[in-house]
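Report on one structure; see the data block that follows.
The values are calculated or read from the model by the stated rules, or taken from the named source; none is laboratory data. The shown structure was predicted, so the numbers you read here are calculated from the model rather than taken from an experiment. Using ideal geometry, Cβ is built from the backbone for each residue, glycine included, and neighbour counts are taken over all protein chains shown. Each accessible area value is taken on the protein alone, full model and side chains, heavy atoms only, with ligands, DNA and RNA left out. Shrake-Rupley method; radii C 1.70, N 1.55, O 1.52, S 1.80 Å.
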Amino acid sequence: MLIKILGSAAGGGFPQWNCACANCSGLRAGTLRGRPRTQTQIAFSPENGIWFLVGASPDLRTQILATPQLAPPPDVPGHSPIAGVFLPCADADAVMGLLHLREFQTFFVFATPTVQRILRNENRIFRILDRADPPVQWQSLMNNRRVGCHLGPDPGDPPTFFYGSMPLGRHYPDYASEELRRSAPSDDACVGFVMEQENRKLFVAPTLSGQNSEWTKTVASAQAVLIDGTFWSDDELAATERTKKTAREMGHLPLSGPEGLLAQYPKDAHGRKILIHVNNTNPILNEDSEEHHAVVEAGFEIAYDGLTIEL
Ligand SMILES: [Zn+2]
């Protein structure tokens, strides 16, 4: 399986248009050693010429254009190599990209029943996906099930890869209706994905609340892990004066601290551990910072746009 990181920043990207934090200002001024990043977007290819997306970022159009493997082959009209999209949650920065895929193209969308309710019933703009012929095919994710995906012409063949989702805790986005946020099952709000092929496992959790510890078991058995690197500390956003919310209140386990992701990450995990969905305020983006060196010394990689992983 081939995995490509098309975008690696949290919502807003790096730098963010309205942000003058030390990172964003430093990057604009050219005084900070670090890379600009678009909003988190992952793509994986279980078979030559067939790609799936994880999340649908607001930057998706430019991310697709920057990735030659995702271009439609000139000899097959109307055929995109993008076969489907796995949605981890209904956050704006994980679903806005669906609107970039509206050009009369059919594909699969994998999402929990409640995320589908938000996108298909509560927000009519996503109905634009229905005008493809045949329309976009919505598939319901049922947590903790391992599902085989057949890409070959013969349904009798073994599945090309397996996918599964697991609840990671967390709330629904504020833009979902009050009624839904009150009544919908919390396990549907945010999921992590396990993609499996030939006994090699990829675990994807760009948003990890840390409210349950199921993830630690999956991480220990995966060959590659793409995991929430949004915030370094719980109170990081307060300094921007745009919000008083903490990292945890926003549904992200911060990296640092005694209960943080670095401390909780299982010591017996031997796969590649890659931080993704990094917020522009996170000091690890500054390659000269102590925090950057701390995560590298702890054996983590920091995802960047264009990173390719072979599993
Ligand atoms: Zn910033």
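Given a 1.4 angstrom probe, what's the average accessible area per residue across the chain, in square angstrom?
On a per-residue basis, 45 Å².
Given Cα pairs under 8 Å that are at least 6 residues apart, what percent is the relative contact order of the chain?
Values: 693 pairs, mean separation 60.5, N = 311.
It comes to 19 percent, rounded to a whole number.
When ranked by the protection proxy of mean other Cβ atoms within 10 Å per residue, highest first, what sequence do the peptides 207-213, 185-191 form?
Packing order, densest peptide first, comes out as 185-191, 207-213.
Taking the alpha-carbon distance from Lys201 and a cut-off under 17 Å, which aspartates and glutamates remain once sequence neighbours fewer than 8 residues away in the same chain are dropped?
Glu47, Glu214, Asp268, Glu310
Cα gyration tensor of the range 1-80, axes a ≥ b ≥ c as square roots of the eigenvalues: rounded (a/c below 1.5), prolate (a/b > b/c) or oblate?
Verdict is prolate for the range 1-80.
Taking the alpha-carbon distance from Lys267 and a cut-off under 17 Å, which lysines remain once sequence neighbours fewer than 8 residues away in the same chain are dropped?
Excluding near neighbours in sequence, the set is Lys217.
Which of the peptides 139-145, 278-284, 95-101, 34-40 is most tightly packed, and how do the rest follow, going by the mean number of other Cβ atoms within 10 Å of each residue?
So the order, starting with the most tightly packed, is 278-284, 34-40, 95-101, 139-145.
Considering only protein heavy atoms and a 1.4 Å probe, what is the carbon-and-sulfur percentage of the accessible area of the range 132-175?
On the way: 1270 of 2430 Å².
Ligands and nucleic acids excluded, carbon and sulfur reach 52 percent.
Given bins 10 angstrom wide, list per bin the percent of all Cα-Cα distances in the range 28-152, short to long.
12, 42, 32, 10, 4, 0
For Asp154 and Glu103, what is the calculated FRET efficiency with R₀ set at 25 Å and r taken between the beta-carbons, to the nearest 0.05?
E(calc), rounded to 0.05, equals 0.25.
Could you give the radius of gyration (one decimal) and Dmax (whole number) of the Cα atoms in the chain, in Å?
18.8, 58
Could you tell me what a quarter of the Cα convex hull surface of the range 159-208 works out to, in nm² with one decimal place?
4.3 nm²
Simple spin-label model, 7 Å along Cα-to-Cβ: Asn199 to Thr246 in nm?
With each label point 7 Å from Cα toward Cβ, the separation is 4.4 nm.
Using Cα pairs closer than 8 Å and at least 6 residues apart in sequence, work out the relative contact order for the range 159-209, in percent.
Relative CO of the range 159-209 lands at 43 percent.
Ignoring everything except DSSP H segments at least 4 long, calculate the 222 nm mean residue ellipticity for the chain; use -39,500 (n - 2.57) per segment, divide by total residues, nearest 500.
On the way: 8 runs with 47 residues, N = 311.
Roughly -3500 deg cm²/dmol at 222 nm, from the helical runs in the chain.
Of the DSSP beta bridges with both residues in the chain, give the percent that are antiparallel, rounding to the nearest 5.
55 percent
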